[in-house]
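The values are calculated or read from the model by the stated rules, or taken from the named source; none is laboratory data. Just so it is clear, the model here is predicted, and its values are computed rather than measured. Cβ coordinates were reconstructed from backbone atoms using ideal geometry, including for glycine residues, and neighbour counts include every protein chain displayed.
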Amino acid sequence: MGNEGVQAAGAVDEIGLSLMVLVRAYHSTVAAIVANVPHGPRGYQTLASAVRGEQPSQLAIATDLGIDRTVMTYLIDDLVKAGLVERRLNPADRRQRKIVPTELGARTYEELRRQVREAEDKLLEAIDPDERISFRDLLGRISSGLRAHGATCTPPDGGSAACFRP
């Protein structure tokens with residue numbers, strides 16, 4: 001008789017419930033940390049994208065984060081009003097506006113990122129620090145693989161939800 005029916009301690013048959021519990025805890029924890037950023041977690045993720053400089057335009061950020069482009073316009077407007085980002089001509093394509101952080105935006109993001117990382121460590125305290133590094137690495141690889149195959153952040157019900165990528 002083999003070990004087919006035996007699971008490791010803490011293992012689950014399906015990852016759905018575990019992911020749901022983790023995402024809910026993550027969302028409520030991070031939402032509290034970034035509450036002062038316009039639009040909360042969405043604003044934080046937009047600011048993070050601007051700081052990383054990965055996307056060439058407002059539309060590209062909206063697509064990457066799974067945020068409706070009309071909503072993104074208002075979100076960016078509010079981040080601009082808060083002094084966290086600016087719209088600048090994209091030197092690679094002058095028809096586009098690149099979203100870039102202001103000095104205040106970069107400092108704000110770094111402080112929030114530090115707080116988010118501390119909160120993540122607290123959420124993941126059931127695993128040791130080396131396992132947290134492995135978990136983050138594996139999760140990043142899964143996410144990258146899904147995105148490479150066209151996965152989006154928009155939920156299947158058609159709603160609008162931002163991805164969380166600290």
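Tabulated data
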| quantity | calculated |
| --- | --- |
| Which listed residue is among the aliphatic types (A, V, I, L, M), exposed (fewer than 14 other Cβ atoms within 10 Å of the Cβ) and modelled with pLDDT of 95 or more, from A9, A35 | A35 |
| Filter pass, T73 being surrounded by fewer than 16 Cβ atoms within 10 Å (Cβ to Cβ), of a type outside the set (A, V, I, L, M) and over 24 Å from T29 (Cα atoms) | yes |
| Selected residue (only one of E54, E118 is of a type outside the set (V, I, T), surrounded by fewer than 16 Cβ atoms within 10 Å (Cβ to Cβ), in a helix (DSSP H, G or I) and within 17 Å of the chain's Cα centre (by Cα)) | E118 |
| Cross-chain or 6+ apart pairs with Cβ under 8 Å, the stretch 58-72 first and among the charged types (D, E, K, R), then not in a helix (DSSP H, G or I) | D64/E54; D64/Q55; D64/C153; D64/C163; D68/S160 |
| Output for the stretch 80-109, where each listed residue is more than 14 Å from Q55 (Cβ to Cβ) and surrounded by 12 or more Cβ atoms within 10 Å (Cβ to Cβ) | V80, A82, G83, L84, E86, T102, L104, G105, A106, R107, T108, Y109 |
| Criterion: of a type in the set (A, V, I, L, M), under 29 Å from G150 (Cα atoms) and part of a loop (DSSP other than H, G, I, E, B) - qualifying residue of I67, I61, I76 | I67 |
| Any hit, the stretch 103-121, residues being within 24 Å of T29 (Cβ to Cβ), among the hydroxyl-bearing types (S, T, Y) and in contact (Cβ under 8 Å) with a residue 12 or more places away in the chain | yes |
